[in-house]
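*Asks:* Quick one: structure below, then a few questions.
The values are calculated or read from the model by the stated rules, or taken from the named source; none is laboratory data. Quantities reported herein were computed from a predicted structural model and do not represent experimental measurements. Note that we place each Cβ from the backbone using ideal geometry, even for glycine, and neighbour counts take in every protein chain shown.
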Amino acid sequence: MDLQDKINKLPSKTGVYIFFDSNDSVIYVGKAVSLRDRVRSYFTKSNKNPKANIIAKKAVDIDYIVTDTEVEALILECNLIKKHRPRYNVLLKDDKSYPYIKVTLSEDYPRVMSTRKLARDGSRYFGPYTEAGAVRETLKLIKQIFPHRTCSKTQFSSRSRPCLNFHIKRCPAPCVSKISKEEYRKIIEEIILFLEGKQDDVVARLERQMNEAADRLEFEVAAKLRDRLAAVKRIMERQRVVCSEDYDSDVIAFAVQDKKACVMIFFIRKGKLIDRMQYFLDIPAPASESEVVMSFIKQYYHDADFIPAKILLPCEVEEKELIELWLKNRGGLSKVEICMPKEKEELAIMDMALKNARITLECSSQITDDRSYLNQALEELAEHLGVKVPRRIECFDISNLQGTNQVASMVVFCDAKPATDQYRKFKINLDKQDDFKAMREVIYRRFVRGIEENKLIKTGQLSTKEASFYQMPDLVIVDGGKGQVSAALESMRELGVEVPLFGLAKKHEILYDTYDNEIILPQNSKALYLIKRIRDEAHRFAVSYHRKLRDKNELKSALDEIEGIGPKRKRALLKEFGTVDAIARASIDELLKVKGMNKKAAKTVYEFFNL
């Protein structure tokens, strides 16, 4: 049966239709109240929709699935789009890789963790988030405010005494029954409310619990609750009030350029702007504003854990009532309203979201690939800083945790692109935490090595392939303000190095030169986007190195506690099993096979982790 015959035999029922090309690949998925009428419209001469004409020319086969209701068709359409990612559907870019925050409610003592996989396992999922860094920062904040377990199932079940997190008040040690299931669940409920943006409810619960503890004369418990309450209130003070009405809403705005769109969502909870996220859509064929917005709504809310009662959009959309019904059922709400902003406050927040979408899209316009864009960014930066166009930029960052494992990173951008093979990392050895001294040390070490290598290269004692620091930068950026700039300048002057030096402060994105002058790059400039990208890359590289060292030290410290396990046995165990978790799961017989282990030592290690 050819395509036209199949179209003529389509039923006049509600369902989903699927177009295939000559390679038997799905190129478009759509839904319709009447499958026959909707599909026929693609092939009529009067159809002036460019996208429909393209699909009609490419399609060689069609399939369909009949559903009982329009809502069922909508859900099925979402599932098929996510499964096949058709070429001519508007697609949420890389949506499968977005991270979520997961609360493992199916466990007796739930954990809060990041994940990239959604599963029907009884857990609560929050997200998706566009940046893994945002997830890490949120988890870090939650851990500081709400003590809870973060260990794996194996670690939890094998504990015989509390870990370090209990002693620093980051975990109530449910592994050794230091807290009841009921009390622990109260903490998890507060975390869920916090993640939902319902900080007012968290405050009310904590105040009630604190007063009840005080009435019972449990003053130590009341003090802990007081501290947690103060931390939540500090977070709330930093959140901007944007609506006088106390309701939850999502504000969705977008900007389109060529075949890409940036969608910006502002999350309003209880009248406060608590967060924003940005997503990118691939638009393979001409699409209306309504189609872009509707495609995003269907794909985003298909997996979203929280559905607000109100969604503000920048334009009118088709099938509004159908989408409202679908979202109402998904969120278990009495009503979901989709509308354009009308009130002054709503118009203001929509305008802010639209501006952010435009700026984000402009700043992300293929900076990693577009040569002209990169050149413009470098030229803009040179003009604002008063230097020659910097073909090689080096950026330095310091990372530490309360003075431990202090490290530094050096990242290199050549012609505004990262030269990852030239990245370098440094261990900093100081008696106590001092970011200024650390910056002075790393800058000195970098340039003294560069000077020495250049001397050896000139005398033929060293080749450029063997050298690591011989190339000198056109511009040096240090992560920090005036103090970091002064520290770096001391080392450069001591070595006689004359390279333009600037610091970039995180808080207000202000550059400082060596004369303490402030330089503020235009907010929507290519230069600012480039300089922030370089600084963020230096920070990422430093933090990843620091985390690696910290984790390594933490692994070793667990073995240090075992009597009779010295440096040689420790190295042998780690070499054989790779991680402390693997050592903890090993049997006595498996431990005995490790070089240098005897029966007594194997039994000691086994009992340490299992008794």
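*Asks:* Could you list, ordered by first residue, the pairs with Cβ atoms under 6 Å in which the first is in segment 334-346 and basic (Lys, Arg) and at pLDDT 90 or above and the second is surrounded by 16 or more Cβ atoms within 10 Å (Cβ to Cβ) and in a helix (DSSP H, G or I), at least 6 apart or interchain?
*Replies:* Here the result reads none, with nothing in segment 334-346 linked to a residue that is surrounded by 16 or more Cβ atoms within 10 Å (Cβ to Cβ) and in a helix (DSSP H, G or I).
*Asks:* I'd like to verify a number: residues in segment 484-529 that are of a type in the set (Val, Ile, Thr), crowded, with 20+ Cβ neighbours inside 10 Å and part of a loop (DSSP other than H, G, I, E, B), how many? Before you say what the answer is, go through the steps one by one.
*Replies:* Within segment 484-529, the subset of a type in the set (Val, Ile, Thr) is 485, 497, 499, 510, 514, 519-520.
Subset that is crowded, with 20+ Cβ neighbours inside 10 Å: 485, 497.
From what's left, part of a loop (DSSP other than H, G, I, E, B): 497.
Within segment 484-529, residues that are of a type in the set (Val, Ile, Thr), crowded, with 20+ Cβ neighbours inside 10 Å and part of a loop (DSSP other than H, G, I, E, B) number 1.
*Asks:* Is it fair to say Tyr28 is in contact (Cβ under 8 Å) with a residue 40 or more places away in the chain, in a loop (DSSP other than H, G, I, E, B), touching a helix residue (DSSP H, G or I) at 6+ places or on another chain (Cβ under 9 Å) and farther than 30 Å from Val135 by Cβ?
*Replies:* Numbers: in contact (Cβ under 8 Å) with a residue 40 or more places away in the chain: yes; in a loop (DSSP other than H, G, I, E, B): no; touching a helix residue (DSSP H, G or I) at 6+ places or on another chain (Cβ under 9 Å): yes; farther than 30 Å from Val135 by Cβ: yes.
Considered against the rule, which asks whether it is in contact (Cβ under 8 Å) with a residue 40 or more places away in the chain, in a loop (DSSP other than H, G, I, E, B), touching a helix residue (DSSP H, G or I) at 6+ places or on another chain (Cβ under 9 Å) and farther than 30 Å from Val135 by Cβ, Tyr28 comes out as no.
*Asks:* Search segment 1-41 for residues being among the hydroxyl-bearing types (Ser, Thr, Tyr) and within 20 Å of Leu91 (Cβ to Cβ), and hand back the single one that is nearest to the chain's Cα centre (by Cα).
*Replies:* Going through segment 1-41, the residues among the hydroxyl-bearing types (Ser, Thr, Tyr) turn out to be 12, 14, 17, 22, 25, 28, 34, 41.
After this cut, where a residue has to be within 20 Å of Leu91 (Cβ to Cβ) as well, the list is 17, 25, 28.
Values: Tyr17: 35, Ser25: 32, Tyr28: 30 Å.
Step by step, filter segment 1-41, then rank; the result is Tyr28.
*Asks:* Let me ask you something else. For segment 561-572, does any single residue satisfy the condition of being under 23 Å from Phe156 (Cβ atoms), surrounded by 12 or more Cβ atoms within 10 Å (Cβ to Cβ) and touching a Phe, Trp or Tyr at 6+ places or on another chain (Cβ under 6 Å)?
*Replies:* yes
*Asks:* Taking segment 575-611 only, how many residues are assigned to a loop (DSSP other than H, G, I, E, B) and under 24 Å from Cys163 (Cα atoms)? Steps first, please.
*Replies:* In the first step, residues of segment 575-611 are kept if they are assigned to a loop (DSSP other than H, G, I, E, B); the result is 578-579, 586-587, 593-598, 611.
Now drop any that are not under 24 Å from Cys163 (Cα atoms), which leaves 578-579, 586-587, 611.
Qualifying residue count, segment 575-611: 5.
This table checks each residue for (1) within 27 Å of Ile307 (Cα to Cα); (2) assigned to a helix (DSSP H, G or I); (3) more than 26 Å from the chain's Cα centre (by Cα).
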{"position": "Ser114", "(1), (2), (3)": "yes, no, no"}
{"position": "Ile142", "(1), (2), (3)": "yes, yes, no"}
{"position": "Pro147", "(1), (2), (3)": "no, no, no"}
{"position": "Cys151", "(1), (2), (3)": "no, no, no"}
{"position": "Arg185", "(1), (2), (3)": "yes, yes, yes"}
{"position": "Glu190", "(1), (2), (3)": "yes, yes, no"}
{"position": "Leu193", "(1), (2), (3)": "yes, yes, no"}
{"position": "Ala204", "(1), (2), (3)": "yes, yes, yes"}
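*Asks:* Next question. For the condition in a helix (DSSP H, G or I) and either in the same structural domain as Ser491 (by TED's automatic domain parsing) or among the charged types (D, E, K, R) (or both), what is the one hit in Glu394, Glu383? Before the answer, list the steps.
*Replies:* Working: Glu394 fails: in a helix (DSSP H, G or I).
Step by step, each of Glu394, Glu383 is checked, and only Glu383 is in a helix (DSSP H, G or I) and either in the same structural domain as Ser491 (by TED's automatic domain parsing) or among the charged types (D, E, K, R) (or both).
*Asks:* Right, next: May I ask you to say which residue of Leu10, Leu76 is in a helix (DSSP H, G or I), surrounded by 14 or more Cβ atoms within 10 Å (Cβ to Cβ), in contact with a strand residue (DSSP E or B) (Cβ under 7 Å, 6 or more places away or on another chain) and hydrophobic (A, V, I, L, M, F, W, C)?
*Replies:* On the way: Leu10 fails: in a helix (DSSP H, G or I).
Step by step, each of Leu10, Leu76 is checked, and only Leu76 is in a helix (DSSP H, G or I), surrounded by 14 or more Cβ atoms within 10 Å (Cβ to Cβ), in contact with a strand residue (DSSP E or B) (Cβ under 7 Å, 6 or more places away or on another chain) and hydrophobic (A, V, I, L, M, F, W, C).
*Asks:* Just one of the numbered conditions (1) part of a loop (DSSP other than H, G, I, E, B); (2) in contact with an Asp or Glu (Cβ under 6 Å, 6 or more places away or on another chain); (3) at pLDDT 75 or above; (4) not basic (Lys, Arg) is not true of Cys243; which one?
*Replies:* (3)
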